[in-house]
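Visitor: Okay, handing you the structure first.
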Protein chains: 2
Amino acid sequence: MNHSTPPDLTQLLIELYDKISSWEHTVVKDSGLSPAQMHAVEIVGHHQQLRMKEMAELMGITTGTLTVMVDRLETLGLVHRQANPNDRRSYVIVLTAQGQHHFNAHHKLHDMLTEELTASFDAQEKVALQQLLFKLVRHF
Amino acid sequence: MNHSTPPDLTQLLIELYDKISSWEHTVVKDSGLSPAQMHAVEIVGHHQQLRMKEMAELMGITTGTLTVMVDRLETLGLVHRQANPNDRRSYVIVLTAQGQHHFNAHHKLHDMLTEELTASFDAQEKVALQQLLFKLVRHF
DNA sequence: GGTTTTTTATTTGACAATCAAGATAAATTG
DNA sequence: CAATTTATCTTGATTGTCAAATAAAAAACC
């Protein structure tokens, strides 16, 4: 007996966060995009349609920063500024086919990571983790 | 009945990661440090003694980047380059008293976040989450 | 309907974060 | 002791970031 006691929850959350962070960093580098660019692609991919304002809000950056970032992403052919028919001040940002491809590929990597991390979990443990994380995430 | 089914594990991990990320961003801003600087302080605080090489490795950045970062942190009075008696090529980076203070304060915020997120968890759920996260983190 | 205010996005100027490549100095190896 | 490897720093280029100023359209207000 005597399983070494696990670190406290705070420590575990920090550790999980750090490890996901460096994993993300590694896999993103292989994609040719910067972390910030991939994050932008993920945000647009997840929400499908976003105005600059909303997108900046979701990413926690200013619209000024986002303007130049979307400029580059457009040059790279990953996103597109569509005219917003309801409001001529704003655009709707959407993924191009190539952007969508990056998004899908990246999401697949995330799925593989989850697989890997929970490879030794039985079905019951997976459900338990799922429910606990759901409860956790809801309290932010 | 009929609890709406929670998102899959991948989605939950991404969501958790994103939310910790933006929480971190917010609280760090209030501290006057940049996210990268706080991360550096956390790394040094956690490991106590680090050479540049090791520190760069842990942070996933090059030593070139770290040199200028530690320069600034030293100017800000948060860390100190100590001579390494075993190897005159390298330094040992340590926190100053002020750096330690920042580290402690930030860690306290992490504890408060954990408290908050698990406020509605009973003791059994907390232990279950702890054990599952421990198992998860070990598989990176 | 016309004026004022608010909202949306861009531009600009400054600085921090990052890398790759090259330089320097110390340690290690043969 | 010479050659190689290692640890750090420097430099030049690019990206990420903000705050403040600008411009244009929409909304609010009489």
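Visitor: B:Met55 - would you say it is part of a helix (DSSP H, G or I) and near DNA strand D (Cβ under 8 Å from one of its atoms)?
Guide: When the stated conditions are applied, B:Met55 passes them.
Visitor: Next question. List pairs: first in the range B:95-107 and away from chain A (no Cβ under 14 Å), second exposed (fewer than 13 other Cβ atoms within 10 Å of the Cβ), Cβ under 7 Å, 6+ apart or cross-chain?
Guide: So the pair list comes out as B:Thr96/B:Gly77; B:Gln98/B:Gly77.
Visitor: Additional query: Need the failing condition index for A:Asp30 against (1) within 15 Å of DNA strand D (Cβ to nearest atom); (2) away from chain B (no Cβ under 13 Å); (3) within 28 Å of B:Leu58 (Cα to Cα); (4) part of a helix (DSSP H, G or I), just the number.
Guide: (1)
Visitor: Something else: Residues that are hydrophobic (A, V, I, L, M, F, W, C), within 21 Å of A:Leu117 (Cβ to Cβ), out of contact with any Leu (no Cβ under 7 Å at 6 or more places or on another chain) and surrounded by 13 or more Cβ atoms within 10 Å (Cβ to Cβ): does the range A:39-62 have at least one?
Guide: Scanning the range A:39-62 turns up no residue that is hydrophobic (A, V, I, L, M, F, W, C), within 21 Å of A:Leu117 (Cβ to Cβ), out of contact with any Leu (no Cβ under 7 Å at 6 or more places or on another chain) and surrounded by 13 or more Cβ atoms within 10 Å (Cβ to Cβ).
Visitor: Within the range A:110-126, track down each residue that is loosely packed, with under 15 Cβ neighbours inside 10 Å and either closer than 19 Å to B:Val137 by Cβ or within 18 Å of the chain's Cα centre (by Cα) (or both).
Guide: If the condition is that a residue be loosely packed, with under 15 Cβ neighbours inside 10 Å and either closer than 19 Å to B:Val137 by Cβ or within 18 Å of the chain's Cα centre (by Cα) (or both), then A:Asp111, A:Met112, A:Glu115, A:Glu116, A:Ala119, A:Ser120, A:Asp122 are the ones that fit.
Visitor: For the range B:38-64, which residues satisfy the criterion of being of a type in the set (A, V, I, L, M) and in contact (Cβ under 8 Å) with a residue 12 or more places away in the chain?
Guide: Answer for the range B:38-64, where residues must be of a type in the set (A, V, I, L, M) and in contact (Cβ under 8 Å) with a residue 12 or more places away in the chain: B:Met38, B:Ala40, B:Val41, B:Ile43, B:Val44, B:Leu50, B:Met52, B:Met55, B:Leu58, B:Met59.
Visitor: Give me a count of the residues in the range A:68-96 that are closer than 16 Å to A:Lys53 by Cα, under 21 Å from the mean Cα position of the chain (by Cα) and either within 10 Å of DNA strand C (Cβ to nearest atom) or not β-branched (Val, Ile, Thr) (or both).
Guide: 8
Visitor: For the structure I just gave you, tell me whether B:Thr5 is outside any helix (DSSP H, G or I) and more than 11 Å from DNA strand C (Cβ to nearest atom).
Guide: The answer is yes for B:Thr5.
Visitor: On the basis of being free of Cβ contacts under 8 Å to residues at least 24 places away in the same chain and within 21 Å of A:Val27 (Cα to Cα), does A:His110 make the cut?
Guide: The answer is yes for A:His110.
Visitor: In the range A:109-140, which residues are in contact with a Lys or Arg (Cβ under 8 Å, 6 or more places away or on another chain) and modelled with pLDDT under 95?
Guide: A:Phe140, the sole residue that qualifies.
Visitor: Which residue pairs have Cβ atoms under 8 Å apart, sit 6 or more places apart or on different chains, and have a first residue in the range A:65-79 that is free of Cβ contacts under 8 Å to residues at least 60 places away in the same chain and a second that is among the basic types (Lys, Arg)?
Guide: A:Val70/A:Arg81; A:Glu74/A:Arg81
Visitor: More than 10 Å from DNA strand C (Cβ to nearest atom), of a type outside the set (A, V, I, L, M, F, W, C), within 17 Å of A:Asp8 (Cα to Cα) and without any contact (Cβ under 8 Å) to a residue 24 or more places away in the chain: is that true of B:Asp30 in this structure?
Guide: For B:Asp30, the condition - more than 10 Å from DNA strand C (Cβ to nearest atom), of a type outside the set (A, V, I, L, M, F, W, C), within 17 Å of A:Asp8 (Cα to Cα) and without any contact (Cβ under 8 Å) to a residue 24 or more places away in the chain - is not met.
Visitor: Next question, about the same structure. Scan the range B:67-109 residue by residue and report those that are surrounded by fewer than 19 Cβ atoms within 10 Å (Cβ to Cβ) and small (Gly, Ala, Ser).
Guide: Residues satisfying the conditions are B:Gly77, B:Ala83, B:Ser90, B:Ala97, B:Ala105.
The values are calculated or read from the model by the stated rules, or taken from the named source; none is laboratory data. None of these values were measured; they are calculated from a predicted model. So basically every Cβ, Gly included, is an ideal-geometry build from the backbone, and we count neighbours across all protein chains shown.
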